[in-house]
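Student: Got a structure for you, written out below as structure tokens; questions coming shortly.
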Amino acid sequence: MSRIVCSVETCNAPKTGCFHTGESPEACEHFQGESTSSHDSSDLSIDTEKLRPAWSGNSFTPLAAQFIAGQQRPILLGLVGFADAGKTSLLASLYLLLTKGREIPQWAFAGSFTLYGWDLISRSLAWKGDEKPTYPPRTTGEGREPGLLHLRFATREANWQDVLITDVPGEWFRAWNIEPNQPSAEGAAWILRHADSLCFVVDGRRLSDPLERNTAARETLTLLNRFTELKLRPTQIIWTKADETTSNPKLQAVKTALEEGLPDAKSFHTIATNGHEAQGTDVLEWFSEVLISQVKPAVTAFNDVSEAANSRAENLSRWFTRGT
């Protein structure tokens, strides 16, 4: 039997995501080999020294993230914003706070399958001797599949919740803002179609710059109008670089429009200090709101197993008889 496989022996594509790039196998130069061998199951042997996990540690593609969804439906959090708005800095700050032991009420950081991806975006925010932290490099990419960073959280009751967070180029949303159906907007459209929660990241510094604020205000208001048309409601609004924001009519017009267009969305602020996104302010408060708004309350505790079983049987019976 003939089938397409990766030419690198240690890679399991297409059964899993690509080991080398973290992207879909078709995007990898090594995904060109063809296996023409035909073997019975009795001929198969496994070299345990060459076994590799189903993930590379880099950010997931939607295809590579499927093995997590097979365990439990993860929360998909989409960050929406233009280039240089501070989306990657926000994520890097969140990760560094979690690894330093900062807590989110009722939730404990319990690991990640994309630790290498988190390290790539957060290493520039860490002090290296006398070298000061800087902004993380901008997220770039020619592909159309979003990169997904993974976090896992646990409670004292041993419940756990996976979260996948998008980290994509801001140019995708600028393209979607201009024409949602164009090919270069496919990645942004995927996020807006599938995300459980959306975070509208607004660049306060750009809205304060006399040379850019007119364009920034027009783009932000256009994006907001498209959200309204599609009945998409981000659950949070994050104002980045708040310490470099100065009051002006354009900024106030955007704030008013966001309050009126997204009345249920809570607002948070981050600040830029010494050339990098600060790790204090509202970063943890924002992410706590994501978990609170998305994770369903735990089931009511029962006194014993039999009581729980009886309640479950009653619920099943009611569902079958009434269909509700």
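The values are calculated or read from the model by the stated rules, or taken from the named source; none is laboratory data. No experiment lies behind these values; they were computed from the predicted model shown. Counting neighbours? That spans all protein chains shown, and the Cβs are built from the backbone with ideal geometry, glycine included. Remember, those area values only see protein heavy atoms, side chains included, never the ligands or the DNA or RNA. Shrake-Rupley method; radii C 1.70, N 1.55, O 1.52, S 1.80 Å.
Student: If only one of GLY86, GLY129 is out of contact with any Leu (no Cβ under 8 Å at 6 or more places or on another chain), modelled with pLDDT under 85 and at positive phi, which one is it?
Tutor: GLY129
Student: Let me ask another. In the stretch 198-247, which residues are part of a loop (DSSP other than H, G, I, E, B) and modelled with pLDDT of 90 or more?
Tutor: Within the stretch 198-247, ASP209, PRO210, LEU211, GLU212 meet the criteria.
Student: Looking at the stretch 92-118, which of its residues are farther than 16 Å from ILE271 by Cβ, open to solvent by less than 60 Å² (accessible area, probe 1.4 Å) and in a helix (DSSP H, G or I)?
Tutor: Correct list: TYR95, LEU98, GLY117, TRP118.
Student: Would you pick out the residues in the stretch 167-197 that are among the hydroxyl-bearing types (Ser, Thr, Tyr) and either assigned to a strand (DSSP E or B) or out of contact with any helix residue (DSSP H, G or I) (no Cβ under 6 Å at 6 or more places or on another chain) (or both)?
Tutor: SER197 - this is the single residue of the stretch 167-197 that is among the hydroxyl-bearing types (Ser, Thr, Tyr) and either assigned to a strand (DSSP E or B) or out of contact with any helix residue (DSSP H, G or I) (no Cβ under 6 Å at 6 or more places or on another chain) (or both).
Student: Say whether the condition of being hydroxyl-bearing (Ser, Thr, Tyr) and assigned to a helix (DSSP H, G or I) is met by at least one residue in the stretch 249-259.
Tutor: yes
Student: Return a yes/no flag: does the stretch 101-121 have any residue that is at pLDDT below 85 and of a type in the set (Phe, Trp, Tyr).
Tutor: No, because not a single residue in the stretch 101-121 is at pLDDT below 85 and of a type in the set (Phe, Trp, Tyr).
Student: If I go through the stretch 177-209 residue by residue, how many of them are open to solvent by 70 Å² or more (accessible area, probe 1.4 Å) and without any contact (Cβ under 8 Å) to a residue 12 or more places away in the chain?
Tutor: Count: 4.
Student: Taking the stretch 228-271 as the search range and keeping residues that are basic (Lys, Arg) and out of contact with any Asp or Glu (no Cβ under 8 Å at 6 or more places or on another chain), which one is surrounded by the most Cβ atoms within 10 Å (Cβ to Cβ)?
Tutor: The residue in question is LYS250.
Student: Residues of the stretch 59-85 being open to solvent by less than 10 Å² (accessible area, probe 1.4 Å), assigned to a loop (DSSP other than H, G, I, E, B) and farther than 23 Å from PRO180 by Cβ, which ones?
Tutor: Scanning the stretch 59-85 gives a single hit, ALA65.
Student: State all residues of the stretch 66-118 that are under 22 Å from ALA189 (Cβ atoms) and among the basic types (Lys, Arg); if no residue qualifies, say none.
Tutor: ARG73, LYS87
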